[in-house]
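Undergrad: Below is the structure I would like to discuss, written out as structure tokens.
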Amino acid sequence: MSKDREEIWERQPGESAQAFEAFKIYRDLGLKRSNQEVCKELSKSRQLISRWKATWNWDERVRAYDNALEREAHKEAVKNLKDMTSRHIRISVQLQNKALEALQNMKVEDMSPRDIREYIKLATDLERLNRTSAAMENELDTDETTSVDIYMPEKEEDSHE
């Protein structure tokens, strides 16, 4: 939370230390916020806590505090997601480089037909995934779908007429 200016949840001009302490308890109760909880915590009367709550606008102050906490939590989550994505990309590139190095050093004679088939399948799957992702990014703003019709002639049987 920024400290460039006084925040509404900080001690207000004219607010006593006791009233502010009561507010902090109320503020920090989170989902359990109630005048009764503050009364129990401080051994103060319900009337005094209610008066402080009204005088010092606790509801607006805790709403602002909660919103600020939520913004900070969201900002932190976005930062963590970006950091994780960058880290995963670096790892992915390192693994790709190692795999390419191993593939370049592999002799065709050492590859079984099954190996060749698996490498072709993996390579085409990766290409399809990347081309699809690129196409999806280009069409995010449209709801149009593209269909492709493929003509496959039926196999002609030998006719002996």
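Undergrad: What is the one condition in (1) among the acidic types (Asp, Glu); (2) open to solvent by 100 Å² or more (accessible area, probe 1.4 Å); (3) touching a residue at least 60 places away in the same chain (Cβ under 8 Å) that Glu41 does not satisfy?
TA: Looking at each condition in turn, Glu41 falls short on (3).
Undergrad: Which residue pairs have Cβ atoms closer than 7 Å, lie 6 or more positions apart in sequence or on different chains, and pair a first residue in region 53-70 that is over 13 Å from Gly30 (Cα atoms) with a second residue that is open to solvent by 80 Å² or more (accessible area, probe 1.4 Å)?
TA: The qualifying pairs are Ala68/Met1.
Undergrad: In region 24-36, what residues are of a type outside the set (Gly, Ala, Ser) and either more than 13 Å from Ser50 (Cβ to Cβ) or modelled with pLDDT under 95 (or both)?
TA: Those that are of a type outside the set (Gly, Ala, Ser) and either more than 13 Å from Ser50 (Cβ to Cβ) or modelled with pLDDT under 95 (or both): Lys24, Ile25, Arg27, Asp28, Leu29, Leu31, Lys32, Arg33.
Undergrad: Look through region 1-25, keep the residues that are part of a helix (DSSP H, G or I) and of a type in the set (A, V, I, L, M), and return whichever of them is most open to solvent (accessible area, probe 1.4 Å).
TA: Ala17
Undergrad: Something else: Tell me, which residue of region 19-38 that is without any contact (Cβ under 8 Å) to a residue 12 or more places away in the chain and polar (S, T, N, Q) is nearest to Glu6 (Cα to Cα)?
TA: Ser34
Undergrad: Only one residue in Asp66, Asp28, Asp59, Asp115 is under 23 Å from the mean Cα position of the chain (by Cα) and surrounded by 11 or more Cβ atoms within 10 Å (Cβ to Cβ). Which one?
TA: Asp66
The values are calculated or read from the model by the stated rules, or taken from the named source; none is laboratory data. In this text the structure is predicted, and so the values were computed from the model without any measurement. Cβ coordinates were reconstructed from backbone atoms using ideal geometry, including for glycine residues, and neighbour counts include every protein chain displayed. For accessibility, only protein heavy atoms count, side chains too; no ligands or nucleic acids. Shrake-Rupley method; radii C 1.70, N 1.55, O 1.52, S 1.80 Å.
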